[in-house]
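Written out below as structure tokens is the structure these notes cover.
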Amino acid sequence: MAEILSLRDAVAACVHDGDTIALEGFTHLIPHAAGHEIIRQHRRNLHLVRMTPDMVYDQLIGSGCATKLTFSWGGNPGVGSLQRFRDAVENGWPHPLEIEEHSHAGMATRYAAGAAGLPFGVLRGYVGTGLPEYTDTIKGIECPFTGERLTAVPALNPDVSIVHAQRADRDGNVQIAGLVGVQKEAVLAAKRSIVTVEELVDHLEPVPNSVVLPTWVVTAVCHVPGGAHPSFAMGFSDRDNRFYKDWDAISKDRDSFTAWIDANIHGTADHAAYLDRIGVTVR
Amino acid sequence: MSDITTNGDLAATTDEIMIINAARQLGALAAAGKPVCFVGIGLPSTAANLARRLYDPAPVLVYESGCIGSKPQRLPLSIGDGELAETADAVVSVPEIFAYWLQAGRIDVGFLGGAQLDKYGNINSTVIGSYESPTTRLPGAGGAPEIAASAGAVMVIMRQSKRSFVERCDFRSSMGFGDGPGHRERLGLRGAGVRWVITDLGVMEPHPDTCVLTVRALHPGVERAQVVDATGWAVEFVDDLAVTDPPTLHELTTLRAVQAA
């Protein structure tokens, strides 16, 4: 059964130095608050996993939390590059970052295999690209029934997966609606999981087409309103596109990035204080 | 972006002409019964949304965030803006969009951009320089490898320059014609690969024998020499080189309304 914890306590209990962790969210419901708490608690040597590492992974990488990144697209959606990710790969700052690079289809297949308890997943993928030459976790395989050449990728089973959701009940059952990304697979594939939610309710009303994660597959649920900002939670907030654009300038050089992290992450006690400091009001 | 005066007092930028020509191609595909378009963000999304407003039958827009049949009123900044989900016929998970919809062959045209494009239509969105120590680390392949492999056909939209239109990509993020004729077939790729490259200077298509991207049309006012100067391979022109129709008032005002919304 999931425990209802503060985000500080959940990160302290679930995320350890050297862990493989996935903060998932495909543009929608990105668990920014959880990433910030990992930075506050100075976690180190993390292996970060994510299909679309964006701003919060830029912050984790630039803060020195990560030594490896497994991913398929690392950018600032609609804006451009991730400056801290680039600096880590191109110049080794703040220290070198090992990368394991895939495609979206491959990463999705890996999570699905992880959730299904299989050792690998199979797809028609990567063929003719340069990726198999540099990524050991992409291998050819022959279909035993048709002889077709396919591609195998190993299951992803993070130590911890962290996602953000619209709501949970007080027993820790989680409900996610809208763009559900790969969150269900990420949570089911992981050994431990943290879910931050916009609201804690007495009773979950059924929502058409929503994903429900029963309390017994979740480790910790944390009530963190606005926990996805500047990403969004359908029904609660809109994507703060302005913030994504502003991030490009903030993250461009090491000093302005570090000053921003010191002031806004290390300089705040929790996510509510952070939102207050950057002037974001939660609905 | 330079201004090109087209018909009368209407002035379209080179970017607008590029986007309008890409939208026309999507409109033609929809009219031919091939409406389902897997859309990347940025220029492809702008052109696809323009085509959806201009043509009936309209293209069906599929986004990798899991949105099928999105009809956004305003242009999304990312592939997962709330607008795309709220206006979609269906919203599915990310594993599903790639496995059931793209891989299974339900996409007519994949619509891509990139940092580098080479003469065989291969795209690089991974690194400039070597993979192990790149001079520029780009975001990566994302959904492109499987879009380029499995979509029925691929359209590319890119601003043309010698830096971006190269003899050979520094890294092959997605497969066009690979090393040349027959390469896709040898690898068993199901889609036809790159069929149209729409740039700010004109339109390229693969040569039927050599697969090398060849200029089929120039935009109004563009000279052959401009294309040669902006292409990193010895670019050739088809014998019956065409000039694209100038943007109509309707196309241009619709595009500007899409971008202003």
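The values are calculated or read from the model by the stated rules, or taken from the named source; none is laboratory data. Keep in mind that this is a model prediction, so the values were computed, not measured. Heads up, the Cβs are rebuilt from the backbone with ideal geometry, glycines too, and the neighbour counts pull from every protein chain shown. Heavy atoms of the whole protein, side chains included, go into the accessibility calculation; ligands, DNA and RNA do not. Shrake-Rupley method; radii C 1.70, N 1.55, O 1.52, S 1.80 Å.
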Averaged over peptide A:75-83, how many Cβ atoms belonging to another chain are found within 10 Å of each residue's Cβ? 4
Three-way shape call for segment B:120-215 based on the alpha-carbon gyration tensor, with the a/c threshold at 1.5: oblate
Let me know the charge dipole size of chain A about its Cα centre in debye, to the nearest 20, where only the beta-carbon of Lys, Arg (+1) and Asp, Glu (-1) is charged. 200 debye
If we sort B:114-123, A:215-224 on the protection proxy, mean other Cβ atoms within 10 Å, highest first, what's the order? B:114-123, A:215-224
Among the aspartates and glutamates, which fall within straight-line cross-link reach of A:Lys191, defined as a Cα-Cα distance under 13 Å, with same-chain neighbours fewer than 8 residues apart omitted? A:Asp19, A:Asp159
Cβ-Cβ FRET estimate between A:Thr281 and A:Asn45, R0 fixed at 45 Å, reported to 0.05: 0.80
What residue among B:Ser150, B:Ser174, B:Ser161 has the largest mean-square fluctuation in a Gaussian network model of chain B, using Cα springs under 10 Å? B:Ser161
Across peptide A:23-33, how many C-beta atoms of other chains are within 10 Å of each residue C-beta, on average? 3
Compute the length gained on full extension between B:Tyr100 and B:Ala192: take 0.36 nm times their separation in residues and subtract their Cα-Cα distance, giving the result in nm to one decimal. 31.2 nm
What shape does chain A take by its C-alpha gyration tensor, where a ≥ b ≥ c are the square roots of the eigenvalues and a/c under 1.5 counts as rounded, a/b above b/c as prolate, and the rest as oblate? oblate
Using DSSP H assignments, which helices in chain B have an axial alpha-carbon span of 20 Å or above and a mean Kyte-Doolittle hydropathy of 0.0 or higher? B:14-31
From the helices alone, meaning DSSP H stretches of at least four residues, give me the mean residue ellipticity at 222 nm for the protein assembly as shown, per-run term -39500 (n - 2.57), in deg cm²/dmol to the nearest 500. -7500 deg cm²/dmol
Could you identify which residue out of A:Glu24, A:Glu198, A:Glu90 has the top mean-square fluctuation in a GNM of chain A using Cα springs shorter than 10 Å? A:Glu90
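What's the average, rounded to a whole number, of partner chain beta-carbon atoms within 10 Å of each residue's beta-carbon in A:95-104?
Values: counts 0, 0, 1, 0, 3, 0, 6, 4, 12, 14.
Per residue, the number of nearby Cβ atoms from other chains is 4 on average.
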Quote the charge dipole size of segment B:3-260 about the Cα centre in Debye, to the nearest 20; the model charges only the Cβ of Lys and Arg (+1) and of Asp and Glu (-1). 360 debye
Nearest 5 is fine: what % of DSSP beta bridges in chain B come out antiparallel, could you say? 50 percent
Counting only protein heavy atoms and rolling a 1.4 Å probe, one gets per residue an accessible area for segment B:167-261 in Å² of 48 Å²
Shape category assigned to segment A:167-233 from the gyration tensor of Cα positions, a/c cut at 1.5: rounded
Charge dipole magnitude, Cβ of K and R +1, D and E -1 - segment A:12-150, Cα centre, debye nearest 20: 160 debye
Got a number for the accessible area of B:Cys67? Probe 1.4 Å, square angstrom, nearest 10. 0 Å²
Hey, what do the phi angles of segment A:145-153 turn into as Karplus ³J(HN,Hα) couplings, whole Hz, using 6.51/-1.76/1.60 and θ = phi - 60°, x for Gly and Pro? 9, 10, x, 5, 7, 10, 10, 10, 9
For the protein assembly as shown, the accessible surface attributable to carbon and sulfur atoms (probe 1.4 angstrom, ligands and nucleic acids excluded) amounts in percent to 51 percent
Can you give me the Cα centroid spacing of segment B:162-236 and segment A:251-283 in angstrom? 45 Å
If each part is reduced to its alpha-carbon centroid, segment A:38-100 and segment A:141-218 end up apart, in Å, by 23 Å
Members of segment B:53-98 that become less accessible by 40 Å² or more once partner protein chains are added (1.4 angstrom probe, chain alone as reference): B:Leu77, B:Ser78, B:Gly80, B:Val91, B:Val94, B:Pro95, B:Phe98
Interface burial for B against A (accessible surface, 1.4 Å probe, total of both chains, Å², rounded to 100): 3500 Å²
Restricting to bridges with both residues inside the protein assembly as shown, how much of the DSSP beta-bridge set is antiparallel, in percent to the nearest 5? 40 percent
